[in-house]
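Here's the structure, in structure tokens; my notes come after.
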Amino acid sequence: MRLPAYDGRKSLYTAGPLPFSWREFKIKVVDDEDGVNGPKREREYRVVIKFVARANLHHLGQFLAGKRADAPQEALQILDIVLRELSSKRFCPIGRSFFSPDIRTPQRLGEGLESWCGFYQSIRPTQMGLSLNIDMASAAFIEPLPVVEYVGQLLGKDILSRQLSDADRIKIKKALRGVKVEVTHRGSVRRKYRVSGLTSQPTRELVFPVDENSTMKSVVEYFQEMYGFTIKYTHLPCLQVGNQKKANYLPMEACKIVEGQRYTKRLNEKQITALLKVTCQRPRDRESDILRTIQHNAYDQDPYAKEFGIKISEKLASVEARILPAPWLKYHESGKEKNCLPQVGQWNMMNKKMINGMTVSRWACINFSRSVQDTVALSFCTELAQMCQVSGMEFNPEPVIPIYNAKPEHVEKALKHVYHVSSNKTKGKELELLLAILPDNNGSLYGDLKRICETDLGLISQCCLTKHVFKITKQYLANVSLKINVKMGGRNTVLVDAVSCRIPLVSDIPTIIFGADVTHPENGEDSSPSIAAVVASQDWPEVTKYAGLVCAQAHRQELIQDLYKMWHDPVRGLVSGGMIRDLLISFRKATGQKPLRIIFYRDGVSEGQFYQVLLYELDAIRKACASLEPNYQPPVTFIVVQKRHHTRLFANNHRDRNSTDKSGNILPGTVVDSKICHPTEFDFYLCSHAGIQGTSRPAHYHVLWDENNFTADGIQSLTNNLCYTYARCTRSVSVVPPAYYAHLAAFRARFYMEPDMQENGSSGGGGGGECGVVKPLPALKENVKRVMFYC
């Protein structure tokens with residue numbers, strides 16, 4: 001008389017004891033999809049159910065009351081499984097989300113894919129007790145089309161009347177491998193198979209042995225005789241199903257793709273744009289969809305929730321928030337506006353000059369875009385140079401050499417040519433900046449250019465797309481000039497409070513702020529390395545300029561391996577190094593002081609790994625400090641930043657113009673640190689940016705370690721203020737800049753891997769290595785390391 005919840009693997013949960021502690025059942029399962037006319041296949045399974053443990057809910061109660069610090073993971077997991085049971089039967093479960101074509105009509109994404117809507121659901125412990133976290137979700141699914149139609153969409157051409165090329169065949173094979181199809185040539189029998197490959201010959205040429213004497217029969221004859229099915233498109237290959245030893249052939253036209261298969265590979269630009277259109281919802285629409293989902297799921301009538309005594313409120317939790325003020329920003333004294341107070345998370349460069357504008361006297365331009373004529377390229381460069389001057393830089397209007405035109409496939413030759421010709425012309429003085437005009441769709445050109453410039457030639461580069469060269473806007477030029485200035489080692493703006501030494505726990509003693517992130521290869525890449533990046537502020541008291549370092553490490557390794565390392569050198573003996581140590585040394589070189597306080601923002605860590613990361617990385621920070629001089633142990637504050645979560649904050653009243661920005665989102669500076677936060681730990685949600693479109697996602701900051709004794713208000717204000725110092729635009733950003741810069745640097749370093757390593761499932765030479773040996777990235781040139789090259 002129990003209603004059990006099942007985790008889909010090997011655990012079954014009941015709300016009370018069963019009348020036995022061990023029992024075996026025999027279950028007969030009839031295969032409905034089998035048998036042409038004869039008897040259906042029947043299999044017998046043995047199922048054993050045995051009592052293994054009783055979950056402790058008392059521990060959960062204590063944890064929620066704040067009396068215990070460790071979360072009772074098992075109890076939380078069980079309650080999560082109970083509340084997922086009904087949805088798992090109704091919808092298509094993927095990760096923590098559920099999808100269905102019935103929630104909203106699927107939208108075509110192109111190339112045989114469609115978007116399904118769904119919802120995310122998980123139980124979270126909060127200060128209010130247990131909370132149910134619900135959010136809307138979208139994902140790409142393979143359209144359940146007849147295979148012939150799917151292939152036509154995938155290739156974007158008519159395949160019924162023409163031969164397939166080898167490239168077509170490879171594309172089809174890649175797309176269909178592992179996909180489930182059902183046969184359509186056997187009436188009501190819809191047997192399902194997983195596609196393992198594609199035949200290299202067309203169907204009309206395929207034969208196979210039908211008996212021991214190796215009597216051969218063609219696939220076309222077999223389908224005609226066995227099923228009375230005439231294969232029309234004999235020029236198309238067959239799908240191979242089953243294993244390599246005994247692969248069966250299925251004609252494409254006799255198969256249809258099974259519904260409900262998520263597409264896990266990388267989407268192309270068009271598909272991403274189409275998917276974003278579906279997922280991008282204004283806050284009030286998203287809120288009403290969430291409420292509709294809750295009503296539709298009818299938790300009050302869920303038999304599993306009833307069985308386990310779980311009641312769920314249908315109202316959204318109401319929380320108090322504070323809105324932190326924007327900081328004043330300082331610009332150069334020679335501009336009309338010396339100080340500026342951002343309004344609703346944004347401002348502009350009108351009447352302002354960069355606080356430290358750099359000088360560019362030697363620059364050149366390479367044009368890789370066929371459609372851009374020399375005169376157009378030159379007038380673009382002239383306008384950009386003027387904008388840099390207006391913004392406060394000194395910029396020579398004339399390039400060292402005339403604009404050089406090159407083909408994208410000759411990128412290395414072109415860069416080296418321009419580099420050497422320029423050097424000769426300037427009598428050995430280095431080229432300071434390279435402008436590059438790229439085609440809008442440039443494949444690997446951007447990455448190749450950055451790799452060669454930053455790891456081989458030691459050149460600072462700024463790329464511009466053709467579409468911007470043809471349609472020049474002041475806003476675009478202003479943003480590019482901001483990027484150029486910081487790449488040259490300048491500063492665009494600083495916090496007024498930083499210059500006047502009024503930031504608590506930063507201005508009083510030399511303080512270094514780190515940002516760190518690890519980016520992992522995409523799904524489906526099973527051997528390429530993960531890349532770790534660490535940046536650190538190089539100016540004090542301003543804390544605006546960040547130097548960055550990157551390194552490759554084992555595939556999907558979350559802990560940053562190279563924060564501190566020691567090795568044996570044949571000449572020098574035991575040597576210390578690592579990214580933290582190098583950045584502490586460069587801080588001292590740049591400021592003349594050693595940091596007496598460390599603030600470390602760490603991005604990209606999931607909750608399950610918080611303490612593992614803290615223990616390992618805090619230890620590395622300590623060792624790096626101690627290796628510089630004995631007893632050097634500056635106090636550390638370690639904060640994890642999360643953007644990938646499903647908590648959304650909505651204004652209590654969507655019509656109240658004072659509590660929302662133009663996009664209907666909560667105002668920048670909104671901070672929530674009660675009710676929906678962790679029962680015992682120091683965490684807060686901060687929405688530091690103004691929404692542009694869709695619903696803003698607040699960043700979730702978790703202070704895991706704090707030897708500097710920040711008050712909640714102190715760390716929240718510091719974090720919010722730093723969000724106004726992001727160098728690449730005149731807007732407050734959604735995640736603290738050091739973490740953002742680390743993310744950019746890690747992303748940039750993907751391009752530094754050798755070209756064969758960047759491809760999917762990289763070959764033995766490169767990646768995160770079967771043997772655990774990771775090929776190091778090529779080193780950044782010294783002059784590149786010192787500046788914000790990743791901007």
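The values are calculated or read from the model by the stated rules, or taken from the named source; none is laboratory data. The structure displayed is predicted, hence computed values, not measured ones. FYI the Cβ positions are ideal-geometry reconstructions off the backbone, even for glycines, and counts take in every protein chain you see. Remember, those area values only see protein heavy atoms, side chains included, never the ligands or the DNA or RNA. Shrake-Rupley method; radii C 1.70, N 1.55, O 1.52, S 1.80 Å.
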Q. Hey, quick one: spin label on residue 259, modelled 7 Å out along Cα-Cβ, who in the stretch 141-177 has an amide N within reach, i.e. under 19 Å?
A. 141-150
Q) So what is the relative contact order for the stretch 357-488, in percent, with contacts set as C-alpha pairs under 8 Å and at least six apart? A) 33 percent
Q.
For the stretch 1-128, take every pair of Cα atoms, bin their distances at 5 Å starting from 0, and report each bin as a whole percent.
A. 2, 8, 12, 13, 13, 15, 13, 11, 7, 4, 2, 1, 0, 0
Q: Among 132, 242, 344, pick out the residue whose Cα is farthest towards the positive end of the charge dipole of the chain, where Lys and Arg carry +1 and Asp and Glu carry -1 on C-beta, about the Cα centre.
A: 344
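How large is the helix-only mean residue ellipticity at 222 nm for the chain, computed as the sum of -39500 (n - 2.57) over DSSP H runs with n ≥ 4, divided by its residue count, in deg cm²/dmol to the nearest 500?
-8000 deg cm²/dmol
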Q | Apportionment of accessible area to carbon and sulfur, the stretch 446-549, percent (1.4 Å) | A | 54 percent
Q: Work out from phi, with θ = phi - 60° and the Karplus expression 6.51 cos²θ - 1.76 cosθ + 1.60, the ³J(HN,Hα) of each residue of the stretch 483-500, listed in order in whole Hz, and give x for Gly and Pro.
A: 5, 4, 4, 6, 5, 7, x, x, 10, 7, 7, 9, 6, 4, 5, 6, 5, 8
(Q) Would the stretch 421-567 count as rounded, prolate or oblate if I go by the C-alpha gyration tensor, calling it rounded below 1.5 in a/c and otherwise prolate when a/b exceeds b/c, oblate otherwise? (A) oblate
**Q.** Options 275, 213, 304, ranked by Cα towards positive dipole end of the stretch 198-312, top entry (Cβ charges)
**A.** 275
Q: Starting from the Cα of residue 631, step 7 Å along the direction of its Cβ; do the same at residue 567; then give the gap between the two resulting points in nm.
A: 3.3 nm
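So which GluC sites (Glu not before Pro) in the stretch 210-242 end up in coil per DSSP with only 11 or fewer other C-beta atoms within 10 Å? Before the final figure, lay out the partial values.
On the way: sites: 212, 221, 225; in loops: 212.
Here the sparse-neighbourhood loop sites are 212.
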Q: In debye, nearest 20, what is the charge dipole magnitude of the chain about its Cα centre with +1 on Lys and Arg Cβ and -1 on Asp and Glu Cβ, if you could check?
A: 540 debye
Q. About the Cα centre of the stretch 147-257, what is the dipole size in debye to 20, counting +1 per Lys and Arg Cβ and -1 per Asp and Glu Cβ, all else neutral?
A. 560 debye
Q: Would you mind getting me the FRET efficiency between residue 279 and residue 316? Use the beta-carbon distance for r and R0 = 25 Å, nearest 0.05.
A: 0.80
Q: May I ask you to derive the relative contact order of the chain, considering only C-alpha pairs under 8 Å and at least 6 residues apart, and to give it as an integer percent?
A: 12 percent
Q: Mind checking the full-extension length gain between residue 30 and residue 609? Use 0.36 nm per residue of separation minus the Cα-Cα distance, one decimal, nm.
A: 204.1 nm
Q: Just reorder 285, 302 by solvent-accessible area, largest first, 1.4 Å probe, all chains present.
A: 285, 302
Q: Taking every pair of alpha-carbon atoms in the stretch 88-207, give the share separated by more than 17 Å as a whole percent.
A: 69 percent
Q. At a Förster distance of 25 Å, what's the computed FRET efficiency of residue 184 paired with residue 89, Cβ-Cβ distance as r, to 0.05?
A. 0.40
Q: Please report the base-10 log of the normalised intensity I(q)/I(0) for the stretch 494-754, using a Debye sum with one equal scatterer per alpha carbon and no solvent, at each q in 0.10 (1/Å).
A: -0.51
Q. For the stretch 1-158, what number of Lys pairs, 8 or more residues apart or on separate chains, have alpha-carbon atoms under 18 Å from each other?
A. 5
**Q.** Spin-label pair residue 7/residue 652, simplified geometry with 7 Å Cα→Cβ offset, distance in nm
**A.** 4.1 nm
Q: With unit charges on the beta carbon (Lys/Arg positive, Asp/Glu negative), name the residue among 441, 634, 263 whose Cα is farthest towards the positive pole of the charge dipole of the chain.
A: 441
Q) Quick one: if you stick a label point 7 Å off each Cα along the C-beta vector at residue 291 and residue 232, how many nm between them? A) 5.1 nm
Q | Where the chain is the region considered: accessible area per residue in Å², 1.4 Å probe | A | 49 Å²
Q) To the nearest 10 square angstrom, how much accessible area does residue 190 have with a 1.4 angstrom probe? A) 90 Å²
Q. So if R0 is 22 Å, what FRET efficiency would residue 18 and residue 42 give, r being the distance between their Cβ atoms, rounded to the nearest 0.05?
A. 0.20
Q. What whole-number value in cubic angstrom gives the convex hull volume per residue for the C-alpha atoms of the stretch 147-257?
A. 103 Å³
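How big is the dipole moment of the stretch 494-754 about its Cα centre under a simple scheme where the beta carbon of each Lys and Arg is +1, that of each Asp and Glu is -1, and everything else is neutral? Debye, nearest 20, please. Write out the running numbers ahead of the final one.
Values: 25 positive and 26 negative charges, 119 e Å.
Rounded to the nearest 20 debye, it is 580 debye.
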Q. Cα-Cα over 23 Å: which of 270/450; 311/675; 416/487; 270/775?
A. 270/450; 270/775
Q. Between residue 126 and residues 5 or more places away or on another chain, which pairs have amide H atoms under 5 Å apart, with H built 1.01 Å from N, and which residues are they?
A. 131
